[in-house]
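Asks: Got a structure for you, questions after.
The values are calculated or read from the model by the stated rules, or taken from the named source; none is laboratory data. Predicted, not measured: the structure shown is a model, and the values here were computed from it. A quick note on method: Cβ atoms are made from the backbone with ideal geometry, for glycine too, and the neighbour counts reach across all protein chains shown.
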Amino acid sequence: MSSSAILPALLAILLGALATTALAAPTAARQKELIHLVRQDCGSCHGLTLQGGLGPALLPATLAGKPVEGLVATVVGGRTGTPMPPWHRFLTEDEAQWIVEKLMTGFPE
Ligand code: HEC
């Protein structure tokens, strides 16, 4: 490989890595939809104020210390054998991660 071909190749590898690791934050409009979904749909089990109901509370204090990936997996795939349904038909994994991060820091109104 000539030196002029190495740089584009390196760039391609770097950009590929970035694309797979970076969290694509939802647009402002999509964030509004997601907030509505969590308050309405998730709220039907987890409580309209997310303090718990059929499902456990989803508040920063109750989620503290739990691994983010595990919580994202629960939202995307649900929990077999429990009423927690999978949401992958309605949410991307990035969106589920955004929701979990917001739940852990205090969910917007
Ligand atoms: C039909 C009721 C129901 C709905 C709707 C629901 N959940 Fe759940 N969820 C549950 C139950 C029940 C559990 C506890 C499962 C268990 O026993 O491990 C749970 C667990 C979870 C957990 C894991 C909590 C922890 O402390 O480990 C997260 C995170 C979660 N739900 C997020 C959501 C989100 C986000 C939505 C909406 C997109 C949602 N849930 C909608 C019933 C529901």
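Asks: Would you mind stating whether LEU50 is touching a Leu at 6+ places or on another chain (Cβ under 7 Å) and either more than 7 Å from the ligand (Cβ to nearest atom) or free of Cβ contacts under 8 Å to residues at least 24 places away in the same chain (or both)?
Replies: Values: touching a Leu at 6+ places or on another chain (Cβ under 7 Å): yes; either more than 7 Å from the ligand (Cβ to nearest atom) or free of Cβ contacts under 8 Å to residues at least 24 places away in the same chain (or both): yes.
Answer is yes for this residue.
Asks: Could you grab me the full set of residues in segment 85-109 that are part of a loop (DSSP other than H, G, I, E, B) and not acidic (Asp, Glu)? It would help to see each step written out before you state the result.
Replies: Our first condition is that a residue be part of a loop (DSSP other than H, G, I, E, B); within segment 85-109, this holds for 85-92, 106-109.
Across segment 85-109, the qualifying residues are PRO85, PRO86, TRP87, HIS88, ARG89, PHE90, LEU91, THR92, GLY106, PHE107, PRO108.
Asks: Another question about this same structure. Is there a residue in segment 38-46 that is crowded, with 16+ Cβ neighbours inside 10 Å, at pLDDT 95 or above, more than 8 Å from the ligand (Cβ to nearest atom) and not in a helix (DSSP H, G or I)?
Replies: Within segment 38-46, not a single residue is crowded, with 16+ Cβ neighbours inside 10 Å, at pLDDT 95 or above, more than 8 Å from the ligand (Cβ to nearest atom) and not in a helix (DSSP H, G or I).
Asks: Find the residue count for segment 58-84, including only residues that are part of a loop (DSSP other than H, G, I, E, B) and either over 13 Å from MET104 (Cα atoms) or more than 9 Å from the ligand (Cβ to nearest atom) (or both).
Replies: Step one: of segment 58-84, the residues part of a loop (DSSP other than H, G, I, E, B) are 58-59, 64-67, 78-84.
Subset that is either over 13 Å from MET104 (Cα atoms) or more than 9 Å from the ligand (Cβ to nearest atom) (or both): 59, 64-65, 67, 78-84.
Total meeting the criteria: 11.
Asks: List pairs: first in segment 84-109 and within 14 Å of LEU58 (Cα to Cα), second near the ligand (Cβ under 7 Å from one of its atoms) and small (Gly, Ala, Ser), Cβ under 7 Å, 6+ apart or cross-chain?
Replies: Partner pairs satisfying both residue conditions: MET84/GLY55.
Asks: Take the conditions within 22 Å of LEU23 (Cβ to Cβ), out of contact with any strand residue (DSSP E or B) (no Cβ under 9 Å at 6 or more places or on another chain) and of a type outside the set (A, V, I, L, M) and apply them to THR92. Does it pass?
Replies: Details: within 22 Å of LEU23 (Cβ to Cβ): yes; out of contact with any strand residue (DSSP E or B) (no Cβ under 9 Å at 6 or more places or on another chain): yes; of a type outside the set (A, V, I, L, M): yes.
For THR92, the condition - within 22 Å of LEU23 (Cβ to Cβ), out of contact with any strand residue (DSSP E or B) (no Cβ under 9 Å at 6 or more places or on another chain) and of a type outside the set (A, V, I, L, M) - is met.
Asks: Pairs, please: C-beta under 6 Å, at least 6 apart or cross-chain, first residue more than 12 Å from LEU91 (Cβ to Cβ) and in segment 17-42, second surrounded by fewer than 13 Cβ atoms within 10 Å (Cβ to Cβ) and at pLDDT 75 or above?
Replies: ILE35/PRO108
Asks: Go through the residues of segment 85-92 one by one and say whether even a single one is of a type in the set (Lys, Arg), surrounded by fewer than 14 Cβ atoms within 10 Å (Cβ to Cβ) and more than 10 Å from the ligand (Cβ to nearest atom).
Replies: Taking segment 85-92 as the starting set, the residues that turn out to be of a type in the set (Lys, Arg) are 89.
Adding the requirement that they be surrounded by fewer than 14 Cβ atoms within 10 Å (Cβ to Cβ) leaves 89.
Narrowing further to those that are more than 10 Å from the ligand (Cβ to nearest atom): 89.
Looking through segment 85-92, at least one residue is of a type in the set (Lys, Arg), surrounded by fewer than 14 Cβ atoms within 10 Å (Cβ to Cβ) and more than 10 Å from the ligand (Cβ to nearest atom).
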